[in-house]
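Just so it is clear, none of the values below were taken in a lab; they were calculated from the coordinates. Since the structure is predicted, the reported quantities are computational estimates derived from the model, not experimental observations. Glycine gets a Cβ as well: all are built from the backbone with ideal geometry, and neighbour counts include every protein chain shown.
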């Protein structure tokens, strides 16, 4: 899934060039490219599909030149994760009725690649022989209010556990209780299931979505697919896969996974995993003089110089026509601030 905007990473992540296409780690590869390469260890390249917004087709072709146009599924509008997963699932199921499917965000970081492969192979083995909707769960390291939580039963089936329920982003006190209990995992949004199991689930729990895409099965993998999607996809409900399916289904399982995961959803999450200087600053620019400054993240465009003195716990990002200087502790407000900028000064700042 590569169609989001990553608005909490504004102004680096913009409408025309979202987070998944950015070399946010400063290593010469975008998050999308890292994700694609990761899955080359799971399946052949012709079995990897990228689902994105129609505006980003050229970016995908540029960053993954080996992928064919038939592997790029383009949505004409953003209607959340349930419709995009349904689109991909029905298309793949038509191609191979026995397909086992992994759904993964393109903009997440996984540091423990080998452990990730081990957990995915365990999951694929389970869903191949069981009617199961499975998700990788991340062991919480702190009571974070920015993630959904998975309440799982301590009924181990060779590393696979039944899920009691999904919990939306909690308040801090509730998050503390979740972490203290040991019965909750973070929801990483990485799902594994067979094509048959997820289509059965759509038919049972989200019949409106099922009916819409079943009406287009005959057109998938033909020259009429794009026209069908353009006309019908906007009629799908705007709903997440969690709300549409996973909170209702009874055959949901999880695998606790210590895979060095981060959703890189915010500047603070990048600061946590990135290389830092002696004062705990993360600096991604070629010319900067820093004095009496600590716990900051500084990103400047190539050729831009800066002098920073006397700041603590700040985000400093210069990108295109936007300069952001904002307290890192208040970064949850950045998405709202970006919206205010657009309201007052126009769409060019989104």
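Per the helix-only calculation at 222 nm, which mean residue ellipticity applies to the chain, given -39500 (n - 2.57) for every DSSP H run of n ≥ 4 and division by its residues, nearest 500 deg cm²/dmol? Don't skip to the end; give the middle numbers.
Working: 10 runs with 104 residues, N = 350.
About -9000 deg cm²/dmol.
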I'd like the distance separating the alpha-carbon centroids of segment 180-224 and segment 242-303, in whole Å.
28
From the C-alpha coordinates alone, can you work out the Kirkwood hydrodynamic radius of segment 77-166, in Å?
15.4
What angle, in degrees between 0 and 90 and rounded to the nearest 10, separates the Cα long axis of helix 334-345 from the longest principal axis of the Cα atoms of the chain?
80
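Based on other C-beta atoms within 10 Å, arrange 78, 14 from fewest to most.
Working: 78 13, 14 22.
If I rank by nearby Cβ atoms, fewest first, I get 78, 14.
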Distance in nm between residue 96 and residue 258 label points, each 7 Å along Cα→Cβ, equals 3.2
Between residue 226 and residue 289, Cβ-based FRET efficiency (R0 45 Å, step 0.05) works out to 0.30
How much space per residue, in cubic angstrom, does the convex hull of the C-alpha atoms of segment 262-320 take up?
82
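What FRET efficiency, computed as 1/(1 + (r/R0)^6) with R0 = 35 Å and r the Cβ-Cβ distance, is obtained for residue 330 and residue 58, rounded to the nearest 0.05? Display every interim value, and only then the final one.
Numbers: r = 35 Å, r/R0 = 1.01.
After rounding, the FRET efficiency stands at 0.50.
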Relative to the present Cα-Cα distance, how much length would full extension add between residue 155 and residue 37 at 0.36 nm per residue of separation?
39.1 nm
How do 312, 129 rank when sorted from fewest to most other Cβ atoms within 10 Å of their own Cβ?
129, 312
Mind checking the full-extension length gain between residue 181 and residue 68? Use 0.36 nm per residue of separation minus the Cα-Cα distance, one decimal, nm.
36.0 nm
Using r as the Cβ-Cβ distance of residue 235 and residue 306, and R0 as 51 Å, what FRET efficiency do you calculate, to the nearest 0.05?
0.60
In nanometres, what is the gap between the two model label sites at residue 321 and residue 130, each 7 Å from Cα along Cα-to-Cβ?
5.3
